[in-house]
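Enquirer: Just passing along the structure, written as structure tokens.
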Amino acid sequence: MARRKGLTFYQKKKRLDPRLLKDVVELLVGGAVAVFLAFVLVFSIGMRTSVVGDSMEPALHNGQEILMNRILYRISTPKRGDVVVFLPNNNKNSHYYVKRVVGLPGETVQIKEGNVYIDGVMLSENEQFDKMIDPGIARNELLLENDEFFVLGDNRNSSEDSRSGNIGAVAKDTIVGKAWFHMAVEDESMGLIE
């Protein structure tokens, strides 16, 4: 029998490496568990709602979806500048209101010449917002109780907020949560609310 001269090619059978398969399965299972836990965490702590009206423009727009943290204010209290979601006078038939905290419990709030005064001192955030034409019930000094907050919309002259007699100071137990993330209107991406 004659031997062939030259190169010969052997086709080696490809085998799936069990270690590689194990790593891929662990990665997929770990990723699925992480996504599931994140989903459960966000939706057990968070709640989704929509902004109604233009009172929070330019930060938030009418119809924009927001995610709120429902747990945070059970262990802490709202701070000045927080954007909170609440039911006015705990009215379960009302839509959720989204406003910015301006006055804190125990403080006096008054609106003079379009500006907010806290304990007689003009609030420094006034440069960011338009001067208010109508001071509403804050025309006179208001003393907030130990569990009350004074809230305003960012679009100060187009907002129904604590200046309105039918809303007034917001009790802590009517605050559902802190606005946490918002869906951008144009591209539906998520953004943190500051």
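Enquirer: Which of the residues belonging to segment 108-122 are part of a loop (DSSP other than H, G, I, E, B) and buried (at least 17 other Cβ atoms within 10 Å of the Cβ)?
Expert: none
Enquirer: Of the numbered conditions (1) among the β-branched types (Val, Ile, Thr); (2) under 12 Å from the mean Cα position of the chain (by Cα); (3) open to solvent by 20 Å² or more (accessible area, probe 1.4 Å), Ile75 fails exactly one; give the number of that condition.
Expert: With (1) among the β-branched types (Val, Ile, Thr); (2) under 12 Å from the mean Cα position of the chain (by Cα); (3) open to solvent by 20 Å² or more (accessible area, probe 1.4 Å) applied to Ile75, the lone miss is (2).
Enquirer: Further, regarding this structure: Within segment 124-135, track down each residue that is over 14 Å from Arg163 (Cβ atoms) and surrounded by 12 or more Cβ atoms within 10 Å (Cβ to Cβ).
Expert: Those that are over 14 Å from Arg163 (Cβ atoms) and surrounded by 12 or more Cβ atoms within 10 Å (Cβ to Cβ): Glu125, Asn126.
Enquirer: How many of the residues making up segment 79-106 are under 25 Å from the mean Cα position of the chain (by Cα) and either in a loop (DSSP other than H, G, I, E, B) or modelled with pLDDT under 90 (or both)?
Expert: Total satisfying the criteria: 16.
The values are calculated or read from the model by the stated rules, or taken from the named source; none is laboratory data. None of the values given here were measured: they were computed from a predicted structure. Positions of Cβ are generated from backbone atoms using ideal geometry, with glycine treated the same way; all protein chains shown enter the neighbour counts. Just the protein is used for accessible areas: all its heavy atoms, side chains included, with ligands, DNA and RNA removed. Shrake-Rupley method; radii C 1.70, N 1.55, O 1.52, S 1.80 Å.
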